[in-house]
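Before any comments, here is the structure.
The values are calculated or read from the model by the stated rules, or taken from the named source; none is laboratory data. Owing to the predicted nature of the structure, the values given are computational and were not obtained by experimental measurement. For neighbour counting, all protein chains shown are included, and Cβ atoms are generated from backbone atoms with ideal geometry for every residue, glycine included. These area figures cover heavy atoms from the full protein model, side chains too; ligands, DNA and RNA do not enter into them. Shrake-Rupley method; radii C 1.70, N 1.55, O 1.52, S 1.80 Å.
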Amino acid sequence: VPVTGPATLVVPPNAGGKMTGTVAGNAFNAATVVTVSAPSSGTLTIAGSNNAYTVNLILSGYTGAATYTLGTGAQRTIQVTTASPQKVWGGTSGTNAGTVTITSATSARIAGTFTATLQPSVINPGEAPITLSGTFELGVP
C-alpha cells in the first residue's frame, strides 16, 4: 500500500518515563517505569524495575510539588526488592527514613528525586540496611 504525504507521529504528553540512581551502591536504571495510581486520588505510587531491583515509592497525602518525608505515620514508603534471591527492604514491614521530593507536577507529567535508608523487612531480618537515591520523570495516567 503506497503512503503519500508527510508522516506525523503524535506522542501524547504523558508517554514514557525514566527512573535512575543508585541502590546499595549499585547503579540503577529502570527498564520499566510506571505510575500505578493517579495522583488525583491523593496517593502517588511509582514503580521502577530492572533485572536486579524493583523500587516502589508510595506517597499518601500527595498534593503536588513538595518534599514528602518517609516514615511519618502516613503511608509514605519506599520499598526495594531484589529479584533472586528475593529480599525486601523498607515498605510497610520495614523502617523507612528519607524523602521523596516532587520537583515538577502537571496533569501530564511528574518529576522528582528520592533518597532513603531502608531497614530489612521481616522476610530477611538479618540483612544490613541499604541506601538508595535517584531521580524519576514519568507520565501521569
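Collect the residues in the range 103-117 that are assigned to a strand (DSSP E or B), of a type outside the set (Lys, Arg) and surrounded by 12 or more Cβ atoms within 10 Å (Cβ to Cβ), keeping them in residue-number order.
Step one: filter the range 103-117 for residues assigned to a strand (DSSP E or B), giving 103-105, 109-117.
Within this subset, residues satisfying the condition of being of a type outside the set (Lys, Arg) are 103-105, 110-117.
Hits for the range 103-117 are Thr103, Ala105, Ile110, Ala111, Gly112, Thr113, Phe114, Thr115, Ala116, Thr117.
Does the range 47-57 contain at least one residue that is open to solvent by 30 Å² or more (accessible area, probe 1.4 Å), touching a Leu at 6+ places or on another chain (Cβ under 7 Å) and modelled with pLDDT of 90 or more? No, there is no match, as no residue in the range 47-57 is open to solvent by 30 Å² or more (accessible area, probe 1.4 Å), touching a Leu at 6+ places or on another chain (Cβ under 7 Å) and modelled with pLDDT of 90 or more.
The sole residue among Ala83, Ala66 that is among the small types (Gly, Ala, Ser), surrounded by fewer than 19 Cβ atoms within 10 Å (Cβ to Cβ), within 23 Å of Ala31 (Cα to Cα) and touching a residue at least 24 places away in the same chain (Cβ under 8 Å) is Ala83.
Could we say that Val80 is more than 21 Å from Gly112 (Cα to Cα) and among the hydrophobic types (A, V, I, L, M, F, W, C) here? The answer is no for Val80.
In summary, Gly64 fulfils each of the numbered conditions (1) farther than 23 Å from Val11 by Cα; (2) at pLDDT below 95; (3) assigned to a strand (DSSP E or B) with the single exception of condition (3). Among the residues of the range 69-87, the ones that are of a type in the set (Lys, Arg) and out of contact with any Pro (no Cβ under 9 Å at 6 or more places or on another chain) come to 1 in all.
Being outside any strand (DSSP E or B), at pLDDT below 90 and among the hydrophobic types (A, V, I, L, M, F, W, C) is a description that does not apply to Val33.
Being at pLDDT below 90 and open to solvent by less than 60 Å² (accessible area, probe 1.4 Å) narrows it down to one of Gly98, Gly94, so name that one. I'd like the intermediate steps shown before the answer.
Numbers: Gly98 fails: at pLDDT below 90.
Unique residue meeting the criteria: Gly94.
Residue pairs whose Cβ atoms lie under 8 Å apart, separated by 6 or more positions or on different chains, with the first residue in the range 12-23 and outside any strand (DSSP E or B) and the second open to solvent by 40 Å² or more (accessible area, probe 1.4 Å) and among the charged types (D, E, K, R), are Pro13/Arg109; Asn14/Arg109.
Confirm whether Thr20 is surrounded by fewer than 12 Cβ atoms within 10 Å (Cβ to Cβ) and not aliphatic (A, V, I, L, M).
Working: surrounded by fewer than 12 Cβ atoms within 10 Å (Cβ to Cβ): no; not aliphatic (A, V, I, L, M): yes.
So Thr20 does not fit the description; no.
A Cβ distance below 9 Å, combined with a sequence gap of six or more or placement on separate chains, defines the contacts here; from the range 120-141, residues that are open to solvent by 60 Å² or more (accessible area, probe 1.4 Å) reach residues that are in a loop (DSSP other than H, G, I, E, B) and among the hydrophobic types (A, V, I, L, M, F, W, C) in the pairs Ala128/Ala24; Thr131/Ala24; Pro141/Ala38. Criterion applied to Ala27, Ala7, Ala74 was being in a loop (DSSP other than H, G, I, E, B) and free of Cβ contacts under 8 Å to residues at least 12 places away in the same chain, and the one residue passing it is Ala7.
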